[in-house]
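Let me begin by presenting the structure, written as structure tokens, before commenting on it.
Read-outs throughout are calculated quantities, based only on the coordinates presented, and are distinct from any laboratory measurement. Bear in mind the structure is a predicted one, so any value in this text is a computation, not a measurement. FYI the Cβ positions are ideal-geometry reconstructions off the backbone, even for glycines, and counts take in every protein chain you see.
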């Protein structure tokens with residue numbers, strides 16, 4: 001059973017949680033950091049989503065792949081991460097296997113050649129196919145057990161491990177006094193389950209409602225904000 005999540009007094013930009021004697025940090029970059037094991041968790045990159053839409057003739061912006069990989073590199077370098085765990089939906093679709101996307105991924109991988117990377121297959125990975133072998137990514141099925149955690153893509157329960165998942169792209173809606181509403185990506189935490197916000201740009205979000213035992217941490221303004229149970 002996780003302990004209550006509290007903001008770190010030493011760094012107000014993120015929040016921390018203790019599960020099974022392990023401390024993890026909820027980062028404003030929409031990632032989860034396990035410092036004791038040098039492991040960074042991200043979910044739902046959806047690499048090549050914009051390229052997939054452009055292949056269908058949709059007018060969507062360029063540069064989302066480079067943006068995703070650049071933000072990921074900044075995190076890896078700043079934290080000196082030794083391992084990256086992708087909780088599903090690394091590539092968006094088979095159409096994402098364009099020469100430009102694959103070249104960007106290969107160049108990014110070469111910049112982090114010593115980094116161990118594991119991908120827990122998600123529903124989009126099933127359709128997109130595994131990443132090319134040259135990227136040296138270990139592809140596993142859920143649940144993949146790592147320490148006290150069950151790494152998954154789809155939210156679920158596990159009899160012995162705390163589940164880390166993605167898939168839902170959770171967001172919260174905040175109501176202002178002037179009837180204005182603001183949607184922010186969030187971490188969703190319940191007993192035995194934590195769902196990460198989507199790391200990738202151009203991914204959208206699914207509104208997460210209040211529920212007994214559910215805690216939200218919103219990401220906004222380069223900070224992680226603990227929201228009261230509503």
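Annotations for the structure displayed:
- Residues residue 140 and residue 73, FRET efficiency given R0 of 22 Å [Cβ-Cβ distance, rounded to 0.05]: 0.45
- Here 169, 153 are placed in order of increasing Cβ neighbour count within 10 Å, fewest first, which gives 169, 153.
- Inter-part distance where the range 98-163 and the range 196-219 are each reduced to a Cα centre, Å: 21
- Length released on extending from residue 226 to residue 158, taking residue separation times 0.36 nm less the Cα-Cα span: 21.9 nm
- When peptides 143-152, 180-189, 98-107 are ranked by their average number of other Cβ atoms within 10 Å per residue, the highest-first order is 143-152, 180-189, 98-107.
- Sorted by Cβ neighbour density within 10 Å, fewest at the top, the residues 172, 120: 172, 120
- Additional length obtainable on full extension of the chain from residue 181 to residue 207, 0.36 nm per residue less Cα span: 8.1 nm
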